[in-house]
Every structure is written in structure tokens, then in C-alpha cells.
Amino acid sequence: MIHILIASGAFKHSLSAHESTLAIQRGLIRSGISATYQLLPIADGGNGTLDAFLMNGGTRHHAIVLDPLARPIPAEWGLSADGETAIIEMALASGIERISTAQRNPFITTTYGTGQLMMHALEKGVRRMIIGMGGSATVDGGAGCLMALGVQLLDENGDLIPYGASGLSRLAKIDISRIDPRWHDIEILIATDVDNPTLGTEGAVAIFAPQKGATPDQLPILEAGMTHFFAQIHYQLGVDVRQAKGGGAAGALSAGLMAFLNGKITSGIDLILHHNRFDDHLARADLVITGEGSIDDQTIYGKGPIGIARHAHQAGVPVVAIVGGMNTDDSRLHAVGITAVMPIIPHPMMLETAIQNASALVEQTALRLGYLLQISVR
């Protein structure tokens, strides 16, 4: 009998990390393999980060905040069992899944709701905040979030700049006199799976804005606004985060938190694995199965499956990744610790069909994996 550690992440737009982990277990059980299981849903700062941190304790708190289009919505944040750490999953307030595809528009989408969640957490007297960066609908440099925290971002007439990227080029004066002094004593950990800088060809606009509704001809306009915004921060506050590693995460919300709250970039997957004692579970495992909606070249730079593979490789435990889609070379993944990859699509199908049937497709793939694991080569 083998012991299998199932540590799957979310499949975007279809399955939560918990749902994908259960689907994998169901498929393996159906295969008849003789095994015991440890289930450990994971996240890397994006979808499912709050669930992953609260899996072994802590409390959920609710607030009404503004969504990316500045409409009031209910959102959650978490508090650790000891009451010292708040977990903010920015996507729950400012995420791309909060709006429809037709509504994606980085010129108007805002991170204001994320700042509101942070303010709610501040009132609980926490000592640190972990801010998960994945899945944003925004490219506003964190301007909305900062305004919710009390930063006055003003145009040349002394009025607040508008929400979204459209306001960044209008910034003329920064007034930080209204920021709550308690922020000086809060440790801000920015949990992200990317190391893109704030600006430039690998920055927030160039790499991520197209996912959030920007057309190719809009990219230079967005980049100019972002450049102006962070140049003003450098000029007025003496803080330069324009090329900060990881500053481009969540439409440069990371850079905004670095500039105003001295936020520190950290690996989201490593934070969660440490918090949930992954290495202790790994010590008892014969095989690790992880999962993700899409595995590509970006995955190699720190997303969930690679964090899993890195730890497992050090412990000498093989890793199989069950994925929705694959757009990279198997040898690259093998080199970083993933033993094999199994895409869930058995034949050509529309993306919408795959999303609707994701649970069954993941389960069926795990069934095939279970059959393979029972092959005895003589």
C-alpha cells in the first residue's frame, strides 16, 4: 500500500483547490489502487490562498467592499488562530473573476476593495498581513488600494485622481498625512508567484494587462501612465520601486504596497507550504500529485506546482501534475522536479466545455493515473 499526498491548486474558472483535490482522490479510488491519502489543497497567492491558510484553523471575516468596477459586494478575509496574522486574498475583492469578460477594462478597474479589506483587518489589531496577489482585474499600480488606506492621490487641481489606470497619468501630488499610524507597525508580506518588475517589457502592463482587457494599441498608454505614477512616487517620497523584483504582480499593486507600506515580496507557495507543514506530510509520502488549470513557461518561475516539486525533489519523492492545459516542454518541467504531466483533455473540445466538465475530466485523468500506478513491470 502506498501513501499519496494530493496537493492540488485551483483550476481557474472551474474548480477550487479543494474541489480539484477531491476529484483526484475520487479517480484514484475508482482505479482500485491500494493506497492511503493525505489531502492538502494549495495556492500560491492567487485563487484559494485564503482557503489554504485557514485549512488548519483561523476564522473568516466578512465585509462589504468595492469590486473592480466600484460596486459594493461581500468579500472575505481571514485571521490566523493566534489573532496575529490577517490573510487578504486580493482576488476576492479586486479579482478578474468578479467581473465578466466583457467588463474587463484596466483603465477603470480598481484595487480599492482590497484596501478596504486591509482596513477591516487593521481594526483587529494584527501584527502582520499576508496579501495574496494572484488573479487581479487591475493595472492601477495599487492606487485604489492606497486611497482606501488614506493616501491622497491628487491631480493638479487638488482633486482625487479617478479609479483605474486612467488616473495614474493625472497624479500631481501625494499626501500621506491621513495614513493611519498603525501601519508603521504592521509587517506586510506580499505573497506572489511572479517576479516581474513594475515597469518595462517584463512589467505589469506588458505581461499582464492583455489578460485584463487591454488591446495592443492601449499598452503604450497604460505603460506611460504607470511610469508617470511611480516616477512621482520616486520624486515626492524618495522611494523607487520601478524595477523592483515582483513589483509587477497584480497590476503593480505589489509595487504600491512596497512603496507606501514597506511591503516585502515573498513566495506565496512557500508561505502556504510552511504554514501547513507540507514537509512533515511529505516525509510520509510515496508519491505527490499536484494540479493546476494551466502549466506553461510562467509556472517554472514560482507557481504552485513548482514549489511542490522543489520540496518533493529534495525529499526524493516523485511528483505527477494533473493539468487543464500544457504549453511548455516536458523536459523543462522534469528538470525542476515534476516527474510527469497528465493533461485532462482527452480529445479536442471547446474551452467552455472543458471548464463545465472540469471535475469529471480531472477525476477521469486520476483514474488513468491510478491504473498506470498498478502496472508491475517484470
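Of note:
- The set of residues in the range 305-317 that are open to solvent by 50 Å² or more (accessible area, probe 1.4 Å) and either closer than 15 Å to Asp286 by Cβ or free of Cβ contacts under 8 Å to residues at least 12 places away in the same chain (or both) comprises His313, Gln314, Ala315, Gly316.
- Among (1) under 18 Å from Gly46 (Cα atoms); (2) touching a residue at least 40 places away in the same chain (Cβ under 8 Å), the one test that Gly115 misses: (2)
- Within the range 335-378, the residues that satisfy the criterion of being β-branched (Val, Ile, Thr) and either open to solvent by 30 Å² or more (accessible area, probe 1.4 Å) or in a loop (DSSP other than H, G, I, E, B) (or both) are Val336, Ile338, Thr339, Ile344, Ile345, Thr353, Ile355, Ile375, Val377.
- Selection within the range 149-161 - open to solvent by less than 80 Å² (accessible area, probe 1.4 Å) and either of a type in the set (S, T, N, Q) or touching a residue at least 40 places away in the same chain (Cβ under 8 Å) (or both): Leu149, Val151, Gln152
- Lone unmet requirement of (1) open to solvent by less than 40 Å² (accessible area, probe 1.4 Å); (2) not in a strand (DSSP E or B) for Arg30: (1)
- Of all residues in the range 177-207, those that are open to solvent by less than 80 Å² (accessible area, probe 1.4 Å) and in a loop (DSSP other than H, G, I, E, B) total 12.
- The residues in the range 67-91 that are in a strand (DSSP E or B) and surrounded by fewer than 15 Cβ atoms within 10 Å (Cβ to Cβ) can be counted, and the count is 2.
- Test result for Thr227, of a type in the set (Ser, Thr, Tyr), open to solvent by 60 Å² or more (accessible area, probe 1.4 Å) and more than 24 Å from Ala102 (Cβ to Cβ): no
- Some residue of the range 279-297 being free of Cβ contacts under 8 Å to residues at least 24 places away in the same chain and either open to solvent by 10 Å² or more (accessible area, probe 1.4 Å) or in contact with a Ser or Thr (Cβ under 9 Å, 6 or more places away or on another chain) (or both): yes
- Test result for Gly48, closer than 22 Å to His13 by Cβ, open to solvent by less than 50 Å² (accessible area, probe 1.4 Å), of a type outside the set (A, V, I, L, M, F, W, C) and more than 20 Å from the chain's Cα centre (by Cα): no
- For the range 93-137, filtered to residues that are surrounded by fewer than 19 Cβ atoms within 10 Å (Cβ to Cβ), in a helix (DSSP H, G or I) and of a type in the set (S, T, N, Q), the residue that is modelled with the lowest pLDDT is Thr101.
The values are calculated or read from the model by the stated rules, or taken from the named source; none is laboratory data. These figures come from a predicted structure and were not determined experimentally. Backbone-built Cβ (ideal geometry, glycine too); neighbour counts: all protein chains shown. For accessibility, only protein heavy atoms count, side chains too; no ligands or nucleic acids. Shrake-Rupley method; radii C 1.70, N 1.55, O 1.52, S 1.80 Å.
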